[in-house]
């Protein structure tokens, strides 16, 4: 979901909740009962954040597991050449994950603004939002570290391959040693 459509959706939701709250109040319900839709919305959003936090932690855990594997492969000369991200697909996947997380972060901030505009404050909601933002930031840092490690690994492997190629090319240009008493093939009749 793009940020623009999320903002539009948030504005429509604010308008709908305010309208519902006002209609409940004008129908004779006390103000605290007319606030039930906002409370329910907050509860629902907290549950959604709990699920997103758990998912972000799983992603962070995967990054935490993969990073030592990449570093270990970089130390082993045999494994170093087997593990290279030639088409940058791994880096692109990590970048797409980071981009999605930043979109979720922006969406979370928009939702916090929405609740403020509704005049609703909840310590539980604020704690969940702060935890969510913190987990996203930590996961993005891990993703950036992993990308940097991949780029450095690939650069070392490519430099090593280029060095080998240059050494092989120089060896091919060196004329073969002359053996005493041998007759060149061109003179053999």
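Read the figures in this text as sums done on the coordinates, not as results from a lab. The structure displayed is predicted, hence computed values, not measured ones. Here the Cβ positions follow ideal geometry from the backbone for every residue, glycine too, while neighbour counts run over all protein chains shown.
If the condition is being within 13 Å of residue 147 (Cα to Cα) and either in contact with a helix residue (DSSP H, G or I) (Cβ under 6 Å, 6 or more places away or on another chain) or exposed (fewer than 12 other Cβ atoms within 10 Å of the Cβ) (or both), then segment 69-89 contributes 70, 84, 85, 89. Every condition in (1) within 19 Å of residue 128 (Cβ to Cβ); (2) loosely packed, with under 15 Cβ neighbours inside 10 Å; (3) under 29 Å from the mean Cα position of the chain (by Cα) is met by residue 11 except one, and the failing one is (1).
Set side by side, the residues 101, 48 differ, and just one is in contact with a helix residue (DSSP H, G or I) (Cβ under 7 Å, 6 or more places away or on another chain) and either within 20 Å of residue 134 (Cβ to Cβ) or assigned to a helix (DSSP H, G or I) (or both), which is 101. Only residues that are in a helix (DSSP H, G or I), surrounded by 14 or more Cβ atoms within 10 Å (Cβ to Cβ) and in contact (Cβ under 8 Å) with a residue 60 or more places away in the chain were counted in segment 107-140, giving 14.
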